[in-house]
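Undergrad: Pasting in a structure now, in structure tokens, and then I'll have a few things to ask.
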Amino acid sequence: KPKNARDLLLAGVQDVTQLRASGRGKLNDVVLAVLETLYGALGFRFAAVCLKDARSGQFRARAVLGDDSARLQPGFAFPAASARDLFHLAMENDADLMISDASSPKIRDLLPEWHRKLLPDAKSFIVLPLVVGKAQLGLFYADRTSTAPEGVPPDETALIKALKGQVLAALGQG
């Protein structure tokens, strides 16, 4: 993770806020700016934003960044129907997850098969659900190939929540 992660997150919050305030920032621009900020500021290996595809009944990665992202994007999809896995539980509870060690038994048991196959080397990751009212619209996901014993300090967590809030506000207007 970059040493100046907090400063990079803060700059991203300011950029996204200005983008929205200018009136020129379309929803897609806001989502991409947040994805780029999370990816760059926190030193992730792979990052994706998944949105619900009503036609296929799946959550699908619509935008991805990072190592091997073109190969990974098609496989980053899962049924919208509720399951007892980490991704659905995060959305059902509208709970941001910051997993520092994906190999811990509690976490490993909640990882769906598609994730274990697609990203077997993901050692730490975040899941930020995009929920407006009760509607589960999708999520941000980003991972690293190393554990993150340092966790996420409160100031960085607040900035991550501010970024997510900008996307939720943009989704609410869409």
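The values are calculated or read from the model by the stated rules, or taken from the named source; none is laboratory data. Keep in mind the model is a prediction, meaning the values are calculated, not measured. Here Cβ is always computed from backbone atoms with ideal geometry, including for glycine, and neighbour counts include all displayed protein chains. Just the protein is used for accessible areas: all its heavy atoms, side chains included, with ligands, DNA and RNA removed. Shrake-Rupley method; radii C 1.70, N 1.55, O 1.52, S 1.80 Å.
Undergrad: Are any residues in the stretch 35-79 of a type in the set (S, T, N, Q) and either in contact with a strand residue (DSSP E or B) (Cβ under 7 Å, 6 or more places away or on another chain) or closer than 17 Å to Val127 by Cβ (or both), and if so, which ones? Steps first, answer last, please.
TA: Just the residues of the stretch 35-79 that are of a type in the set (S, T, N, Q), to begin with: 37, 56, 58, 69, 73.
Matches in the stretch 35-79: Thr37, Gln58, Ser69, Gln73.
Undergrad: Okay, moving on. Sort through Leu128, Leu89, Leu118 and tell me the only one that's aliphatic (A, V, I, L, M), modelled with pLDDT of 95 or more and under 26 Å from Asn4 (Cβ atoms).
TA: Details: Leu89 fails: under 26 Å from Asn4 (Cβ atoms); Leu118 fails: under 26 Å from Asn4 (Cβ atoms).
Only one candidate qualifies: Leu128.
Undergrad: Now a separate question. Which of the residues that make up the stretch 145-174 are open to solvent by less than 50 Å² (accessible area, probe 1.4 Å), among the charged types (D, E, K, R) and at pLDDT 95 or above?
TA: Within the stretch 145-174, just Lys164 meets the criteria.
Undergrad: Do we find that Ala95 is more than 28 Å from Ala21 (Cα to Cα) and either open to solvent by 70 Å² or more (accessible area, probe 1.4 Å) or hydrophobic (A, V, I, L, M, F, W, C) (or both) in this structure? If you could, list the steps in order and put the result at the bottom.
TA: Working: more than 28 Å from Ala21 (Cα to Cα): no; either open to solvent by 70 Å² or more (accessible area, probe 1.4 Å) or hydrophobic (A, V, I, L, M, F, W, C) (or both): yes.
So Ala95 does not fit the description; no.
Undergrad: Only one residue in Arg71, Arg60, Arg84 is modelled with pLDDT under 95 and not aromatic (Phe, Trp, Tyr). Which one?
TA: Details: Arg71 fails: modelled with pLDDT under 95; Arg60 fails: modelled with pLDDT under 95.
After applying the criteria, what remains is Arg84.
Undergrad: When you go through Leu32, Leu118 one by one, which is the residue that is among the hydrophobic types (A, V, I, L, M, F, W, C) and closer than 30 Å to Leu10 by Cα? I'd like the intermediate steps shown before the answer.
TA: Numbers: Leu118 fails: closer than 30 Å to Leu10 by Cα.
The unique qualifying residue is Leu32.
Undergrad: Let me ask another. Please go through the stretch 131-144 and pick out each residue that is at positive phi and either crowded, with 19+ Cβ neighbours inside 10 Å or modelled with pLDDT of 95 or more (or both). Give the derivation first.
TA: We begin by selecting, within the stretch 131-144, every residue at positive phi; these are 133, 138.
If the condition is that a residue be at positive phi and either crowded, with 19+ Cβ neighbours inside 10 Å or modelled with pLDDT of 95 or more (or both), then Gly138 is the only one that fits.
Undergrad: Something else about it: Are there any helices (runs of 4 or more DSSP H) wholly within the stretch 102-174 with 2 or more residues that are charged (D, E, K, R) and touching a residue at least 12 places away in the same chain (Cβ under 8 Å), and if so which? Steps first, answer last, please.
TA: Numbers: elements: 105-110, 113-118, 154-173.
The helices (runs of 4 or more DSSP H) meeting that bar are 154-173.
Undergrad: Quick one: is Pro112 of a type outside the set (Phe, Trp, Tyr), farther than 13 Å from Ala48 by Cα and more than 17 Å from the chain's Cα centre (by Cα)?
TA: Values: of a type outside the set (Phe, Trp, Tyr): yes; farther than 13 Å from Ala48 by Cα: yes; more than 17 Å from the chain's Cα centre (by Cα): no.
It is false that Pro112 is of a type outside the set (Phe, Trp, Tyr), farther than 13 Å from Ala48 by Cα and more than 17 Å from the chain's Cα centre (by Cα).
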